[in-house]
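Notes follow the structure.
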Amino acid sequence: MTAATPWGLDHLPYGVFSRADRPGETPRVGVRYGDHVLDLADALHDEVFATGSLNAFLSRGAAAWRDTRALIRSKLATDPVAAGLHLVPLDRVELHLPIEVADYVDFYCSLEHASNLGRMFRPDEEPLKPNWRHLPVGYHGRAGTVVASGTPVVRPSGQRGAGVFGPSAKLDIEAELGFVVGAPTALGERPGRFADHVFGVTLVNDWSARDIQAWEYVPLGPFLGKSFATSISPWITPLEALAGARVPGREQDPEPLDYLRRAEEWGLDLTLEVRLNGEVVSRPPYRGMYWTPDQMLAHMAVNGASLRVGDLFASGTVSGPEAGQRGSLIELTWNGTEPVKLSDGSVRAFLEDCDTVSITATAPGPEGGLITLGEVSGTILPAR
Ligand code: MN
């Protein structure tokens, strides 16, 4: 297997799986290698990988993450026959939520997305609120409703206006990149280097009910329009695998405050791809995001809030400047006024029951190849 495959030695994302041939066993941690999963508990003789989630391994810290990745790479490269004994075909496993999500934070880091939503929700005002260029705006989401890719999403019901209750008629997606915290901090302590705390990235679909959101969000922010489900990929790509995808952060005006001007001012050259019922509707570019991953981390802990093992913080919708680069339907269809036409002749303003949305992403690999992030997908079920 060469570096040219998107699931080769230079990627090795982590996930949690159970094996069809071992019913009843606690799910195990593995890394994806080609069309197989390497069973780490067996291959490395380490029970930390047999605990049902990545959290126990994450809590060992950044040095252990690096050593483990090096060990896995060397086993696969130098002793493929021995490693092969612990490779399970992907079609023989079931994939699960890879982490026990501790706290979940969602940011709003795309200048284009924030501007588009400002224009739609507040047409008579400046698109960006005065704080937007001074701090990465975010909110705390609901960790308990973060679900693994493939979990069906039931259309939420809620208040859509004064005296109006019913199923959301404006069910939407948000294509985002999520960051998984491995190493915690104590209450009152500020995080150190990004790579000492953040283990890796995963694709996120932050499902959003726009009608519920528009009615409820003033003045405290997103609530039930978001908390019914947030889907993540079953695969966590380690930061090390994205070394070749780092790009300078976007120019920021005004200069951010000192605590937001840290050593690691890099963005990521990832191109997302959003498919609706199999058809590509958008290709949002992550590299144009205004606030960097390190700035998100610094900001969410600057008040002394502690980080926990398994924290997930997401970038907010990734939208680029072009119409075909918008990461939500509300932008792609301009709040439903310009529906998307699909090749079967149907049109979508927002999601219909039985629609399936899948998000993938590619990035330059660390050794010149291509990394493909694990897909996040979900299908809409009718309201109950
Ligand atoms: Mn979001």
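Data overview
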item	result
Nearest-20 debye value, the stretch 117-270 charge dipole, Cβ charges on Lys, Arg, Asp, Glu	460 debye
Cα convex hull volume per residue for the chain (Å³)	147 Å³
Residues of type lysines that Lys170 reaches as a straight line, Cα spacing below 21 Å, ignoring anything fewer than 8 places off in the same chain	Lys226, Lys341
Heavy-atom accessible surface of the chain: percent carbon and sulfur, 1.4 Å	53 percent
Dipole magnitude of the stretch 53-117, debye to nearest 20 (Cβ charges: Lys/Arg +1, Asp/Glu -1, about Cα centre)	420 debye
Around Gly200: net Lys/Arg minus Asp/Glu count, Cβ-Cβ under 11 Å	0
With Cα atoms, 0 to 90° folded angle of helix 62-78 axis to the chain main axis	60 degrees
Eligible aspartates and glutamates near Lys75 by straight Cα distance, threshold 16 Å, same-chain separation 8 or greater	Asp10, Asp39, Asp42, Asp46, Asp67
Max mean-square fluctuation residue, GNM over the chain, Cα-Cα springs under 10 Å, options Phe194, Phe313, Phe165	Phe165
C-alpha center-to-center spacing [the stretch 253-315, the stretch 48-93] in angstrom	27 Å
Nonlocal amide H pairs with Thr51, under 5 Å, H built at 1.01 Å	Val29
Surface per residue (accessible, 1.4 Å probe) for the stretch 104-381, Å²	39 Å²
Residue among Cys354, Trp334, Leu242 farthest towards the positive dipole end of the stretch 234-384, charges placed on Cβ	Cys354
Share, in percent, of DSSP beta bridges within the chain that are antiparallel, nearest 5	90 percent
Interchain or long-range residues, amide H under 5 Å from Val147's placed H	Thr230, Ser231, Ile232
From phi via Karplus (6.51, -1.76, 1.60), per-residue ³J(HN,Hα) for the stretch 5-20 in Hz, x at Gly/Pro	7, x, 10, x, 4, 7, 10, 6, x, 9, x, 10, 9, 10, 9, 4
Within-14-Å neighbourhood charge of Pro366 [Cβ basis; K, R +1; D, E -1]	0
For the stretch 283-297, Karplus couplings with θ = phi - 60° (6.51, -1.76, 1.60), whole Hz, Gly/Pro x	10, x, x, 6, 5, x, 4, 6, 8, 8, x, 5, 5, 4, 4
Whole-number percent relative contact order across the stretch 1-143, with pairs defined as alpha carbons under 8 Å at least 6 apart	22 percent
Accessible area in the full protein assembly, largest first, 1.4 Å probe, for Ser53, Ser343	Ser343, Ser53
The chain - charge dipole about Cα centre, Lys and Arg +1 at Cβ, Asp and Glu -1, debye rounded to 20	320 debye
HN-Hα J in Hz across the stretch 108-117 - Karplus 6.51, -1.76, 1.60, θ = phi - 60°, x for Gly and Pro	8, 8, 8, 4, 5, 5, 4, 5, 4, 5
Given charges at Cβ of Lys, Arg, Asp, Glu: the chain dipole, positive-most of His11, Gly144, Gly345	Gly144
Gyration tensor verdict on the stretch 303-370 (Cα atoms; rounded if a/c is under 1.5, prolate if a/b is larger than b/c, oblate otherwise)	prolate
Which of Val31, Tyr290, Ile380, positive extreme of dipole for the chain (C-beta unit charges)	Ile380
Listed residues Tyr33, Tyr290 arranged by accessible area, highest first, probe 1.4 Å	Tyr33, Tyr290
Spacing of the two label points (7 Å from each Cα toward its C-beta) at Leu220 and Asp79, in nm	5.6 nm
Amide proton proximity set for Leu307, modelled H, under 5 Å, gap of 5+	Thr185
Span from the the stretch 166-190 Cα centroid across to the the stretch 342-364 one, whole angstrom	22 Å
Over the stretch 14-96, relative contact order from alpha-carbon pairs under 8 Å, at least 6 apart, %	38 percent
Prolate/oblate/rounded label for the stretch 60-163 (Cα gyration tensor, a/c 1.5)	prolate
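The values are calculated or read from the model by the stated rules, or taken from the named source; none is laboratory data. Quick caveat, the model's predicted, so the values are computed rather than measured. Glycine gets a Cβ as well: all are built from the backbone with ideal geometry, and neighbour counts include every protein chain shown. Heavy atoms of the whole protein, side chains included, go into the accessibility calculation; ligands, DNA and RNA do not. Shrake-Rupley method; radii C 1.70, N 1.55, O 1.52, S 1.80 Å.
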